[in-house]
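Novice: One structure follows; several queries about it will come next.
The values are calculated or read from the model by the stated rules, or taken from the named source; none is laboratory data. The model shown is predicted, which means the values in this text are computed figures rather than measured ones. Every residue, glycine as well, gets a Cβ built from its backbone with ideal geometry; the counts of neighbours run over all protein chains shown. Quick note on the areas: whole protein, heavy atoms, side chains included, nothing else; ligands and nucleic acids left out. Shrake-Rupley method; radii C 1.70, N 1.55, O 1.52, S 1.80 Å.
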Amino acid sequence: MGLNVQALRPAHIIAKVVRVENVFDDPAALIAAVDARAPHGLIYGKGGYEKTGGAEPWFREHWVTDGNIKVAEAERWFHNQKLIAGAKEAFGATVIRPQGMIWNIFGPMIAGRPHFDISPYRGIERDGPFWMHVLVHNSGLFIPWAVPSTTGLVLFYGGRHGGFECWPDGPDKPSRIEEPPFWNLGLVTDNEFMFHRPLAIGEPEERVSPGAFGGEAKLHRNPDGRRWDVIDDNGLFVTWEPEQIRYSLVWKAMAFKDERAAQIYDDHSDDLTQDIIWGIISDDLKARGSSLNVPKSPLEDRVFRAAILAEYPNPGTRYFADARRG
Ligand SMILES: [Fe+2]
């Protein structure tokens, strides 16, 4: 492409999945710290469910974002040595920089859809709208700028159904499934480039269908201090026993092969820019014979946004009938 780009991650290799037993020394204290922050909001805002078929019992807590600790309790668990060692092994990396801690808190629900997580790309991490990052990732055209990033998934669930499915050998090869019960079990993965999903959680008759409650619902502690209540604008929707809740911690870290790779990231000598993005997209559109043209201000053009996202859909749609966009 005529640009001097130092690729920090290989284009076509998915890092292996590394299993880490007993990730935290004090899992009960960790879960108690999550519980103490209730009520928990849903992962998307109220409007976010309009296109997806309605809210699901999938709640979220952000503890650390872009390396910034937002919840003081996170400090105690953020630099977990077992996850760091797992990340080194998964990526053959020597420099690991923890970046994020996000909690997913699920009630009984249907299976999620196979997807990639959004990857960071050098130079645009704090730039542009979310949909531009989706486009950059989905297009597969910017892998030389992708920052190697790993996910340490730590699972806590004692029920029979609620596994994690992933495709470490690619979407056209058989998947790998980790089944519960699991408590404090870590899977260090390449979720930014490996398809993955949560399987259906809970017994079939307990599962809550999308849209059964409002997008403003929150997961509250029941007054008994033990159970959990989903409450939306219409009031109490359901009460769950503690055993029905599935927790998964998503720990994110950058995983650099060596100090030199970390330095290229730090010194911004090889960053992706808006000009490069739209230049490469424009060339690719021509190469594929598309009649779509990149407008002068692509980020402000809503019609273009819809058209370009349709032109580069989630690559999972090629392999999975139920892959979601984004
Ligand atoms: Fe994910």
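Novice: Quickly estimate the mean residue ellipticity at 222 nm for the chain, helices only: each DSSP H run with n ≥ 4 gives -39500 (n - 2.57), and the total goes over all residues, rounded to 500.
Specialist: That calculation yields -6000 deg cm²/dmol at 222 nm.
Novice: Treat every Asp and Glu Cβ in the range 179-263 as -1 and every Lys and Arg Cβ as +1, leave all other atoms uncharged, and give the resulting dipole magnitude about the Cα centre to the nearest 20 debye.
Specialist: For the range 179-263, the charge dipole is close to 300 debye.
Novice: Given VAL147, MET109, LEU135, which one lies farthest toward the positive end of the charge dipole of the range 29-183, if we put +1 on the Cβ of every Lys and Arg and -1 on the Cβ of every Asp and Glu?
Specialist: After comparing all options, I get VAL147.
Novice: For the chain, what is the accessible area per residue in Å² when the probe is 1.4 Å?
Specialist: 46 Å²
Novice: Taking the Cα centre of the chain as the origin, how large is its charge dipole in debye, to the nearest 20, when only Lys and Arg (+1) and Asp and Glu (-1) carry charge on their Cβ atoms?
Specialist: The dipole magnitude comes to about 400 debye.
Novice: Right, next: Would you please name the trypsin sites (Lys or Arg not before Pro) within the range 228-269 that are DSSP coil residues with at most 16 other C-beta atoms within 10 Å of their C-beta?
Specialist: Taking the range 228-269 and a limit of 16 other Cβ atoms within 10 Å, the loop trypsin sites (Lys or Arg not before Pro) found are LYS257.
Novice: With label points built 7 Å along Cα→Cβ from the Cα atoms of LYS218 and ASP169, find their separation and express it in nm.
Specialist: My value for the distance between the label points is 4.7 nm.
Novice: Taking the simple approach of a point 7 Å from Cα along Cα-to-Cβ for both SER209 and ASP232, what is their distance in nm?
Specialist: About 1.3 nm, to one decimal.
Novice: I've got another one for you. Once all Cα-Cα distances of the range 76-181 are split into 10 Å bins that start at 0, what whole-number percent is in each one?
Specialist: For the range 76-181, the pair-distance distribution reads 11, 33, 41, 14, 1.
Novice: Going down the list LYS88/LYS252; LYS46/LYS296; LYS82/LYS252, which pairs span over 21 Å between their C-alpha atoms?
Specialist: In this structure, LYS46/LYS296 lie more than 21 Å apart at Cα.
Novice: Taking just the alpha-carbon atoms of the chain, what radius of gyration and Dmax come out, in angstrom?
Specialist: Here Rg and the maximum Cα pair distance are 20.3, 64 Å.
Novice: How many nm is it between the label spots at ASP25 and SER290, if each spot is 7 Å from the Cα in line with the beta carbon?
Specialist: In this crude spin-label approximation the distance works out to 5.2 nm.
Novice: Leaving out ligands, DNA and RNA, and with a 1.4 Å probe, what % of the accessible surface on the range 66-199 is carbon or sulfur?
Specialist: 51 percent
Novice: Debye sum, Cα scatterers, the range 226-312, no solvent: what log₁₀ I/I(0) at q = 0.10, 0.12, 0.15, 0.19 1/Å?
Specialist: Scattering profile of the range 226-312, log10 relative to I(0): -0.65, -0.76, -0.80, -0.91.
Novice: Next question, about the same structure. Using only the alpha carbon atoms of the range 64-125, find the Kirkwood hydrodynamic radius as the inverse mean reciprocal pair distance, in angstroms to one decimal.
Specialist: With all distinct Cα pairs of the range 64-125 included, I get 14.3 Å.
Novice: Another question about this same structure. Work out how much length ARG302 to ILE177 would gain on full extension: take 0.36 nm times their residue separation and subtract the Cα-Cα distance, in nm to one decimal.
Specialist: Contour length minus Cα-Cα distance gives 41.1 nm.
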